[in-house]
1. Select from the range 366-407 the residues that are at pLDDT 95 or above, part of a helix (DSSP H, G or I) and among the polar types (S, T, N, Q) and list them in ascending order.
2. Looking at the range 375-400, which of its residues are of a type outside the set (Gly, Ala, Ser) and surrounded by fewer than 20 Cβ atoms within 10 Å (Cβ to Cβ)?
3. Among the listed residues 282, 259, 246, which satisfies the condition of being closer than 13 Å to residue 187 by Cβ and of a type in the set (D, E, K, R)?
4. Residues being modelled with pLDDT under 95 and touching a Leu at 6+ places or on another chain (Cβ under 9 Å): count how many of those fall in the range 408-444.
5. Is there any pair linking a residue in the range 30-48 that is without any contact (Cβ under 8 Å) to a residue 12 or more places away in the chain to one that is of a type outside the set (A, V, I, L, M), with Cβ under 7 Å and at least six apart or on different chains, and which?
6. Every residue in the range 151-165 that is in a loop (DSSP other than H, G, I, E, B) and β-branched (Val, Ile, Thr), please.
7. Looking at 345, 317, which one is surrounded by fewer than 20 Cβ atoms within 10 Å (Cβ to Cβ) and at pLDDT 95 or above?
8. Given the options 306, 273, name the one that is touching a residue at least 24 places away in the same chain (Cβ under 8 Å) and in the same structural domain as residue 335 (by TED's automatic domain parsing).
Amino acid sequence: MGRLLLAVALIFLSGRAAAAPIALQFWHSMSGEKGELLASVVDRFNAAPENAGKVRVELQFIGTYEEGLNKLRTALLAGRGPHLVQITDIGTQAMADSGAIVPLQDYIDRDPSFPIREILLPIRRYYEIGGRLYSLPFASSGPILYYNADAFAAAAIKSAPRTFAQLRDDARRLTDPARRLTGVTWPLHSWFFEELIARQGALLADHENGRADRATSVDLVSPAARAAVALWAGMVQDGSFANVGRGWDPAEQNFLSGRSAMLLTSTSDVFEIQKKASFRVRTAPLPGDGSNVPGGTIVGGNSLWILKDKPADERAAAYRFLKFMASKESQRAWHVGTGYFPIRADVIANLEKEGFYARNPAAKTAIDQLRAAADVPAARGALLGTFAQTREYIESALELILAGYQTPDAAMAWAQSRADDALSRYNRAVAAESSQAASGSKGP
């Protein structure tokens, strides 16, 4: 009898284990109110009848984008990676090369119900490599101009600047040294340098920004790059630009305090900035160079990736979660709650019909700007396996230029040399690893 009871107990326990819900670890970099909203979206997935008791997503905050990449790299080396991870936009090529992920397209090809045609083309294009979508765009953003409408009225400026020249002229008119007020500011971040280049229809890297073939070099001394640096450094020199250094918060605080009348930053902060400002905030597209060369702005933000070193049923559950994150309900909640783009055209259309953008025109600025961009390599952004290092070199060069320690040409030539060297070493390592994997696959 004792043996019979033991056998029954073991059968019962094995049945319970088989029915245990799949627990998916999802590493992310959303903090504050955005992190809380992400948790609420995940809670809805977990509570859905088709998921309750079967699949559960467990969130883990892993710090900034840079900290998250480092933590993921360490975890993968130790064989302890998550099922899903949120990665900054510039990590796309490195993630694709890592051998650690399953391209989202592998699942989409087998699922005709995935809303691929609803994803806005510029956003989809950014995360595609060779025409295949590698990750799910989620928190997608773009750069826009925020301006203090009260300061504009006081200076008798009737509309936002549309060109680099107008931006510089308006910044001068809005500057008041006696009151320590400047015309414009933005973070010392390579993203703005890249956006100013793309706005001119120019490329950051060869081989059509790494879209036609793997990028082998960057161009930081092109006419467009020189124009971007000249605009930035020129306004610092004449006192109309507040150079508050690296980091996103100092520039935003400078604007919100009224010390700068204009701010270039991400659309992801649109609702937060409007809520915190003590003056009327208006938004406008990123100014361009005034030429007719097709260009646009580049998608920023991050995307969600499926890691492959997990059982097939867990990877399938991870895909189910990403499909939920791409749903109309999830995209609507994320956009309305943050200011990030909804990645779906039908969500935008529905909100427009409901009058959401009539009530919140600032939320539409970046969407209209994105849709107006030409479908050219410049506006698709660059694919670089060493993008993080490249940005570090660019930002170091910009610091030297804006402080007056080096000429723009000398500093950017130095950054280009360092960036190209890092990219060359990376490409050689990827090629060697691919060759080794190919030769290994031919063995017995």
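1. 389, 390, 396 - these are the residues of the range 366-407 that are at pLDDT 95 or above, part of a helix (DSSP H, G or I) and among the polar types (S, T, N, Q).
2. Of the residues in the range 375-400, the ones of a type outside the set (Gly, Ala, Ser) are 375-377, 380, 383-384, 386-387, 389-395, 398-400.
Matches in the range 375-400: 375, 376, 389, 392, 395, 399, 400.
3. Details: 282 fails: closer than 13 Å to residue 187 by Cβ; 259 fails: closer than 13 Å to residue 187 by Cβ.
Selected residue: 246, the only one of 282, 259, 246 that is closer than 13 Å to residue 187 by Cβ and of a type in the set (D, E, K, R).
4. Number satisfying all stated conditions: 0.
5. Cβ pairs passing all conditions: 46/56.
6. Quick first cut of the range 151-165, residues in a loop (DSSP other than H, G, I, E, B) only: 155-162.
Answer for the range 151-165, where residues must be in a loop (DSSP other than H, G, I, E, B) and β-branched (Val, Ile, Thr): just 157.
7. Working: 317 fails: surrounded by fewer than 20 Cβ atoms within 10 Å (Cβ to Cβ).
Answer to the selection: 345.
8. Numbers: 273 fails: in the same structural domain as residue 335 (by TED's automatic domain parsing).
Being touching a residue at least 24 places away in the same chain (Cβ under 8 Å) and in the same structural domain as residue 335 (by TED's automatic domain parsing) holds for just one of 306, 273, which is 306.
The values are calculated or read from the model by the stated rules, or taken from the named source; none is laboratory data. As the structure is a prediction and not an experimental result, all values here were calculated from the model. Neighbour counts are summed over all protein chains in view; Cβ atoms, including those assigned to glycine, are modelled from backbone coordinates with ideal geometry.
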